[in-house]
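Working notes, structure below.
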Amino acid sequence: DDVVTRIKNVHMIEMGQYRMKPWYFSPYPIELTTEPVIYLCEFCLKFVRSRKCLERHRSKCTLFHPPGNEIYRKDSISFFEIDGRKNKVGGEIPSLN
């Protein structure tokens, strides 16, 4: 239903050293939307419910940059274009609204 997608459902996302408050609905699993923070691996974009789970994942993650093509870089900031058909992240690419 369109009404559901108009409601902001995630309080905070942490990705690397940054914490962000989403502006819009984000299609994460419903069990994660009740967590105060959703943690994302800044390299493969896998999302988990706790910092401990993220640390465990990072010890195993072999990527050093997000999947896809780098389309912009200025100083230490890069933007990547991700094609969901080519680059799968746990079966889906999360929206970082």
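Quick notes on this structure:
- The condition of being among the hydrophobic types (A, V, I, L, M, F, W, C), closer than 23 Å to M12 by Cα, at pLDDT 90 or above and open to solvent by less than 40 Å² (accessible area, probe 1.4 Å) does not hold for V89.
- Looking across segment 14-27, just one residue is at pLDDT below 90, open to solvent by 100 Å² or more (accessible area, probe 1.4 Å) and either of a type outside the set (A, V, I, L, M, F, W, C) or closer than 19 Å to G84 by Cα (or both), and that is Y24.
- Taking each residue of segment 66-78 that is without any contact (Cβ under 8 Å) to a residue 12 or more places away in the chain and looking for partners that are of a type in the set (S, T, N, Q) and surrounded by 12 or more Cβ atoms within 10 Å (Cβ to Cβ) with beta-carbon atoms closer than 8 Å, six or more apart or interchain, yields E70/S78; Y72/S78.
- Subset of segment 28-59 that is within 14 Å of the chain's Cα centre (by Cα), hydroxyl-bearing (S, T, Y) and farther than 24 Å from E81 by Cβ - its residue that is surrounded by the most Cβ atoms within 10 Å (Cβ to Cβ): T33
The values are calculated or read from the model by the stated rules, or taken from the named source; none is laboratory data. All figures in this text were calculated on a predicted structure; none of them were measured in a lab. Virtual Cβ from ideal backbone geometry, glycine too; neighbours counted across all protein chains shown. The accessibility values were calculated without ligands, DNA or RNA, using every heavy atom of the protein model including side chains. Shrake-Rupley method; radii C 1.70, N 1.55, O 1.52, S 1.80 Å.
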